[in-house]
Amino acid sequence: MSEQIRALGLLSGGLDSTLAARVMQAQNVEVLGLHFSTGFCLADRHRILGNRSNPDKPYRNEALRAGADLKIPIEIIDIKDEYLPEVVLNPKFGYGSGMNPCIDCRIFMLQKTREIMEERGYHFVFTGEVLGQRPMSQRRPPLDDVAEESGLGRLLLRPLSARLLPESIPEERGWVDREKLFNISGRSRKKQMELANHFKIIDYPQPAGGCCSLPDENYARKLRDFLAHRGTDVTPDDMMLLKVGRHFRLSGDVKMVVSRDQGENTYLERFTQGRSEVWVDDFPSPLTLVEGQPTAIDLETACRITARYSDGRHERTVPVRWRSGESEGQLTVVPCQNDTELEALRI
Amino acid sequence: MSGRARSARRHQNNQELHPYVHGTLDRESLESLAPDMQVDALGTFCPEPVIRTQNRMAHAKPGEIAMLLADDVGVEIDIPAWCLSTGNEYLGLLKAEVGYKVFVRRLCNKRPQP
């Protein structure tokens, strides 16, 4: 009886990784899907804030959905704590358009995958990468760098583009049939959609140009501001807070985050530890969190800005509540109406 | 009641159950279950409740039942999906005073287990 070939696949739940896993299944390879949680996933952000258009229908985790559809077990690996200092803050291959260290990110995830492969006796690793699909990480040189630097070398298979790439060990040893792999390249998803039809995969997220906050210009700007003022003394909670709200820097180390809707209010409630809270009692209001040690002037500014984003914005004055540790109080302020002042503070 | 509290409460009221996959047990059976282990994920967001469930279930024996406590509304679709993918049994979900109680039974199967 021939040995069962076992492979680990990086599975985001997007179309490409789902197809890659399905292609491996079609070659009788036993697959375990790994899904890495970096703390920067856009899907996680959507999930946290809820589905604004249909609150009764929460966003699904696409990796779990793909695993359920294909009957492939999914293991979610939490890499938040290591990912930030080792990848985001110190990328060997630099950043893309925002703060996205895409090549280092792939290397890091594949290093972790290689460790699991070796510990648990899997034969090889595959991904849904497509040659030429992404400008930074999926050109030929970075694909080679990723294979080399992750330590996987030729044990890394890209089933969707395999026939455009040198033969890998799984192909060479006959674990998979190279002739049944694909030669897809470029940014078009047409061939992937045809393949999805062939495999009767009908439920997959629409390609949306990535699933990470880090390439986003707004997120990158907030992250750069954070690093400039706090150095690398960063926690995953700090990074989570950058994903939501309007951010204003009041002074050197004092910054405020103003929620934009109910979902963000609920979200910010979970980060009040160690931060001052500001809100309006008399009108529907955002929750504002203030980081750092605000002076009396900072606190008044935070109250004025919070009043501006409350339903009392057109009132002459608004009583605004604040709480900082054991202390709390109320300031009656004129809501900030000066857009120039506001924009000067906005991060 | 403050505006802030009103906003938060409206959000909670919108969080009705959304049937994605029905569990194998009815409400009455779920209420009388005696789980072998409890997984506390209250106050955490996706994917943390799944990570905690998967890590705890990795050490469970076949037939053992875990009860997940969570207030992330996403568990009602994530846990059934995780069960379908890993071959464990999704027993069902009860609304609790805070959040949800989600029941999962470890099954013995041939799929590679995380």
When you look at B:ALA96, is it over 12 Å from the mean Cα position of the chain (by Cα), more than 13 Å from every other protein chain (Cβ to nearest Cβ), among the hydrophobic types (A, V, I, L, M, F, W, C) and more than 21 Å from A:ALA63 (Cα to Cα), yes or no? no
I'd like the residue in the range A:71-85 that is more than 8 Å from every other protein chain (Cβ to nearest Cβ) and aliphatic (A, V, I, L, M) and, out of all such residues, is farthest from A:PRO236 (Cα to Cα). A:ILE77
Output the number of residues of the range B:66-93 satisfying the condition of being away from chain A (no Cβ under 14 Å) and farther than 19 Å from B:ILE51 by Cβ. 2
When residues of the range A:240-258 are limited to those that are in a loop (DSSP other than H, G, I, E, B) and farther than 14 Å from A:ARG45 by Cβ, the one nearest to the other protein chains (Cβ to nearest Cβ): A:ASP253
Residues that are assigned to a loop (DSSP other than H, G, I, E, B) and crowded, with 17+ Cβ neighbours inside 10 Å, drawn from the range A:1-26: A:ILE5, A:LEU11, A:SER12, A:GLY13, A:GLY14
Looking only at the range A:126-142, decide whether some residue is out of contact with any helix residue (DSSP H, G or I) (no Cβ under 8 Å at 6 or more places or on another chain) and hydrophobic (A, V, I, L, M, F, W, C). no
Pairs, please: C-beta under 7 Å, at least 6 apart or cross-chain, first residue farther than 19 Å from A:ALA220 by Cβ and in the range A:42-53, second at pLDDT below 70? A:ARG47/A:PRO58; A:GLY50/A:PRO58; A:ASN51/A:LYS57; A:ASN51/A:PRO58
What about A:ILE184, is it touching a Ser or Thr at 6+ places or on another chain (Cβ under 9 Å), closer than 22 Å to A:MET24 by Cβ, β-branched (Val, Ile, Thr) and in contact (Cβ under 8 Å) with a residue 60 or more places away in the chain? no
Name the residues in the range B:56-82 that are free of Cβ contacts under 8 Å to residues at least 40 places away in the same chain and either hydrophobic (A, V, I, L, M, F, W, C) or more than 23 Å from A:ARG45 (Cβ to Cβ) (or both), would you? B:ARG56, B:HIS59, B:MET67, B:LEU68, B:LEU69, B:ALA70, B:VAL75, B:ILE79, B:TRP82
Any residue at all in the range B:36-54 that's out of contact with any Ser or Thr (no Cβ under 9 Å at 6 or more places or on another chain), touching a residue at least 40 places away in the same chain (Cβ under 8 Å), more than 14 Å from every other protein chain (Cβ to nearest Cβ) and buried (at least 16 other Cβ atoms within 10 Å of the Cβ)? no
Right, A:GLN206: out of contact with any Ser or Thr (no Cβ under 9 Å at 6 or more places or on another chain) and not assigned by TED's automatic domain parsing to the domain that holds A:GLY13 or not? yes
Hits in the range A:269-308 - residues which are within 11 Å of another protein chain (Cβ to nearest Cβ), in a loop (DSSP other than H, G, I, E, B) and of a type in the set (Ser, Thr, Tyr): A:SER285
Just give me the residues in the range A:178-198 being in a loop (DSSP other than H, G, I, E, B) and surrounded by fewer than 15 Cβ atoms within 10 Å (Cβ to Cβ), in sequence order. A:ASN183, A:GLY186, A:ARG187, A:SER188
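The values are calculated or read from the model by the stated rules, or taken from the named source; none is laboratory data. Predicted model, so just to flag it, every value in this text is computed and none were measured. Every residue, glycine among them, receives a Cβ derived from its backbone with ideal geometry; neighbour counts consider all protein chains shown.
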